[in-house]
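No lab work stands behind these numbers, since they all come straight from the coordinates. Bear in mind that the values here come from a model prediction, so they are computed numbers and not experimental data. Here the Cβ positions follow ideal geometry from the backbone for every residue, glycine too, while neighbour counts run over all protein chains shown.
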């Protein structure tokens, strides 16, 4: 079930080493200005290139296949395709019998009976997040003037991210990180009690980003160690502004007019250059494994823009449900 | 949108001080043995009574309205109703003009234009989790022999829970807590890549429980501070068993045959006996507020069985999707 | 999967001879005036009593369980329950081994493994349409000032309905009928291209009414025998009014501003007093069967108000999707 | 909302004169043999070429973009694209101010604020059914050994279809037709009571095919003129076989083991060469219009294979819900 959303619905498709990856975004209102150039910045932030990112470089040029006419959305499904160009599949063929620790190789093989496209993680690859970022570009337009900003606030347990990367490179190991995301300018009233609370819908989407292993809103896990008298945010004005923001902008699952704040935990990249031990499913024995291929040392480095996109998609959907989407581009 | 699930679908309804609360559970296979007595244990665990829980006591006797015939499920929707008996609404009427900090009062009033049933939190009340627990009793039967166990591992930042409660009572304050949930006996292959990952669907459901502000799987936020060589779980055997379980039983969003492990953060109860300051929406001024009514001092105390129920509902749905539900009761 | 709708979502539950039948309607905007008395007229039209209807008479008093406060909707799920009072189940127990021709007895037993509540058709009973009618009362308020009117235009192949009933009573047989439904005042633009066309969503809902075996929009099956030059409706004015209305108010799946017109075929009641032959599933032989119990001679007589309710539910959902629901009651 | 299905879910995208049209099919089990050549026959049946079909000829070569590896499905979303090659958009640009009678031009312009791609009907074009036919090829494999056969049984009110076409060509007019679809080999038990009845789900999907204006199951509209004693199908054997099949293979919304039979009404093609009158939305006056462009004289000629595909998609979804999909190709 590769789709998500109620009124703004994203469908994802593709494989790391197949023809390409992409998305279909259904429910985009007609008349939104949308040009090839609009995608450049966010896709650039996601692309590899910087220290600590994979040497595999894809141009990541979005093909706007459907749903656009005269540089504006038409109201029909928007399909965006990224063709795969820089593919070196042979790196992966030999891994077939040794499922890589931390990866989906083993579970995919069991779930799909060995028919899955295993090259480069296939449909499980983080390369599919290219489509999420592209969809996020559209969603960010829909939620204007709400501003979303995600940033890496810690890598390898260290706020000095550059040093953490250097150390990991030296050790030929990988590291994880923590991303904080803030959205400002949200109206009061987004989200629903119970199953479609803002926390529920955001968490659902955010956990679909590979490598995410935790999410907390506002004070989050710290809240569990606070007293009610410390944690309660006193309301100060008729627009809902509170003295503190321990709730992260959400009460009862519904936005309260204060900044939305959440943090997510990204695990260290599973592919490392160090030798590991794992099962050889042909021999049934635990053997030595050295993962080749081209990988990120810290996937959290490229993740903030993906988190922003995922957040924008959820917020746009919730705003459409409340009909608060702005159409400034028309 | 008060429903969740794909094949096993829970719908929730009701208000804290109205006629009652309940659920409809659609998609339950026919032939499951289900009697009134089956609900006793789990509902008992959720009920108030122990130190630190609300003095409001409801009998919580489930009325099995539909979907059962001769003590077995029929395959038709199962509706379970809990009538409200012990209601003291006047406690709440005077709060109308002063939205309680930490509660949904303010956002509900904005979202529903003042038409919401505000008595006791109305539809936002934790009383609605009675229905979730009842649905969980059914779901637990469906996932047999998978075992789910949730427990409070920390309250008010303290593993000695009893002492934490005593201290909070003394201070007339409330405290939060951390619950750990483990499920053992899961098959490999539950969950889907991307939007219906196990983490996504579980987090979606878990965040619909009032007061939950964070969730982490396996090593969770600690994973963000680990190296890949530490975090990767080496696979040891053909059934997927791993040496460590930093992944919490999930790779690529899919169960890997190891125990599912996650922890959630519960914020301190918003209602406290101490005086607070908040906006009076009639006068537009910040004024003193003392919350009356009957409340839990630590909602986390009663939450483990709710977490188990929510988890069972998600696992049963994922197992139905993979057709691994057992029908031992037939 | 006993629910339908995107933003206005109806869930149905209950059995003919169990505790009762009912619905949950989720997505009703807050603030709609709703009183017990509002249900009287439409439920009265559905109730038995007239010539040709079943001798089983139920008071059909709706219990407004949840979602209402101070005689207005709250925005929370609206649950309406009808308790069963006038139940004579023993009529049905002896039919267990002889599935009645035309009924769901045989398929229900196969699908639900014999665990279904077979008394009076159980969950398949037309008694469940009581809940649909009640939901329709709410939906009709939402779509104001759109007016829906359904009527029986033919029974037993005869426009003189009274005479057709008399003849069928004499023959101890049952008859079917044709219902025409018209909705006026619809805006242009409801419905979606392809899968959520007005025809698709209306047909989906209408075919959930027991005994419906056909639906046609506008000229319908006659259109298949017309020429394009005859069938095309020339547009006459800027609000979309056309010279003729062969399209029944829908082009490309989307409302065009003209009256919505469709007709449905209702099969004759399956239960008849005449002796029939069918399989005895215990003996495996075809045997004589005489269906006892209390039945309608022509279910089409009571169906128009159900068709109106089903139509109102779909139109209200489509109007919410386009945000054209009026809130005159507030 | 351009998607449909519960477990087997089709999403549709594209425009008549844009880059192309296509579908994403999600939920296809892994391991199904699927090659380029498999699509040839059904796409050939849909293609133009025969007398009475449009002179616009497209090669209709499916590009299997994602979800396939080594000629088998992988379990990941299957995306199939048909590029548009033979496009003559200037035919349509001049129609902008005169919405064609019978077409979606007027409603599309109102619904999408004038931003829709109007060339050749844009997203409303019957060209999008190419994707449905391709999806149907996959669905037909899933439902093996169920056989679906749809055929045109009447055109222009005449069973001699060839003569009807000749006459219409002579008159420069268009004609409609009636298609009958039969599916044999279905198990007992597909479909659900109420909202997901077989009739509901099939009708939903079938009405998404452009130009369909009516559907009837079994005896359909004739049933409304029959007596119960005539219409009831007596059950003859333990596998549910009945003496007659007035029910069209469905009781209570659920397949009964007999052939599924339904008929649909296709309206005459809206585009005709004869001069028509319609509104000029620029001048606000009714004016003469002559529709240029290349069109089918009888869309019903190419529709049977689309009806089969739509039927196969619904049946495959219902069979997956009951887990009766065969995997013979593996």
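For residue B:144 and residue B:63, compute 0.36 nm times the residue count separating them, minus their Cα-Cα distance, and round to one decimal in nm.
Full-extension gain reported as 26.7 nm.
Taking other Cβ within 10 Å of each residue's Cβ, how do C:317, C:41 sort, fewest first?
By the 10 Å Cβ count, ascending: C:41, C:317.
If you rotate chain D onto chain B, whose Cβ in D ends up lying nearest the axis, and how many Å away is it?
Closest to the axis: D:323, 3.
Which value at 222 nm does the protein assembly as shown reach when only helices count, each DSSP H run of 4 or more adding -39,500 (n - 2.57), with the total divided by all residues and rounded to the nearest 500 deg cm²/dmol?
Taken over the protein assembly as shown, the calculation gives -6500 deg cm²/dmol.
For a Förster distance of 41 Å, can you work out the FRET efficiency between the beta-carbons of residue B:70 and residue A:288, rounded to the nearest 0.05?
Calculated transfer efficiency: 0.10.
Across the residues of D:283-292, average count of Cβ atoms on other protein chains within 10 Å?
Mean partner-chain Cβ count within 10 Å for D:283-292: 1.
Across 10 Å bins from 0, what is the distribution of all Cα-Cα pair distances for segment C:1-120, in whole percents?
Reading upward from the zero bin: 11, 33, 33, 19, 4, 0.
Given label points at 7 Å from Cα along Cα→Cβ, what nm distances, shortest first, separate residue D:51 from the same residue in every other copy?
Copy-to-copy label distances at residue D:51, shortest first: 5.5, 7.7, 9.4 nm.
Express in whole angstrom the spacing between the alpha-carbon centres of segment D:179-220 and segment B:286-313.
Rounded to whole Å, the Cα centres lie 48 Å apart.
Please report C:88, C:46 as a ranked list, fewest other C-beta atoms within 10 angstrom at the top and most at the bottom.
C:88, C:46
Compute the angle between helix A:304-321 and the longest alpha-carbon principal axis of chain A, please, reported from 0 to 90 degrees and rounded to the nearest 10.
With both axes taken from Cα atoms, the answer is about 40 degrees.
Where the eigenvalues come from the Cα gyration tensor of segment C:126-261, what are the semi-axes √(5λ) of the equivalent ellipsoid, largest first, in whole Å? Walk me through the intermediate numbers first.
Working: eigenvalues 171, 84, 38 Å².
Square roots of five times the eigenvalues give 29, 20, 14 Å.
If you fit an axis through the alpha-carbon atoms of helix B:161-171 and take the longest principal axis of the Cα set of chain B, what angle between them do you get, 0 to 90°, nearest 10?
10
On C-alpha positions alone, give me the angle between the axis of helix D:129-142 and the longest principal axis of chain D, in degrees, nearest 10.
10
Kindly give Rg over Rh for the protein assembly as shown, based on alpha-carbon atoms, with the Kirkwood expression for the hydrodynamic radius. Mind showing how you got there, number by number?
Details: Rg = 30.5 Å, Rh = 31.8 Å.
Taking Rg over the Kirkwood Rh, I get 0.96.
Given the C-alpha atoms of segment A:208-251, compute the convex hull and give its volume per residue in Å³.
87
What are the label-to-label distances in nm, one decimal and shortest first, from residue C:290 to the same spot in the other copies, with labels 7 Å along Cα to Cβ?
Those separations, rounded to one decimal, come out as 7.4, 7.8, 9.0 nm.
Between copies, how far does the label point of residue A:86 sit from its twins, in nm, shortest first, when each point is 7 Å from Cα along Cα→Cβ?
So the distances to the same position in the other copies read 4.1, 6.6, 7.7 nm.
Over all alpha-carbon pairs in segment B:53-117, figure out the percentage whose distance exceeds 19 Å.
58
Work out Dmax and Rg for chain C from the C-alpha atoms and quote the Rg first, both in angstrom.
Calculated on Cα positions, Rg and Dmax stand at 20.8, 68 Å.
Using a 10 Å cut-off around each Cβ of peptide B:149-160, what is the average number of partner chain Cβ atoms that fall inside? Please report the intermediate quantities before stating the final value.
Numbers: counts 0, 0, 0, 0, 0, 3, 2, 4, 5, 1, 0, 0.
That average works out to 1.
Pick from D:129, D:278, D:269 the residue whose mean-square fluctuation is largest in a GNM of chain D, springs joining Cα atoms under 10 Å.
Most flexible of the set in this elastic network: D:278.
How do B:180, C:154, B:216, C:292 rank when sorted from fewest to most other Cβ atoms within 10 Å of their own Cβ?
Working: B:180 16, C:154 23, B:216 28, C:292 13.
So the residues, fewest neighbours to most, are C:292, B:180, C:154, B:216.
Simple spin-label model, 7 Å along Cα-to-Cβ: residue D:50 to residue B:50 in nm?
For the pair residue D:50/residue B:50, the computed spacing is 7.3 nm.
Across peptide B:25-36, how many C-beta atoms of other chains are within 10 Å of each residue C-beta, on average?
Numbers: counts 1, 7, 4, 0, 3, 7, 5, 1, 0, 0, 0, 0.
Rounded to a whole number, the mean comes out at 2.
Indicate the gyration tensor shape class of segment D:205-330 (rounded, prolate or oblate), computed on the Cα atoms with a ≥ b ≥ c the square roots of the eigenvalues: a/c under 1.5 is rounded; otherwise a/b larger than b/c is prolate and the rest oblate.
Prolate is the answer for segment D:205-330, as a/c is 1.5 or above and a/b outweighs b/c.
Who wins for biggest fluctuation among A:312, A:50, A:108 in a Gaussian network model of chain A, springs between alpha carbons below 10 Å?
A:50
Among B:237, B:174, B:255, whose mean-square fluctuation peaks in a Gaussian network model of chain B (Cα, cutoff 10 Å)?
B:237
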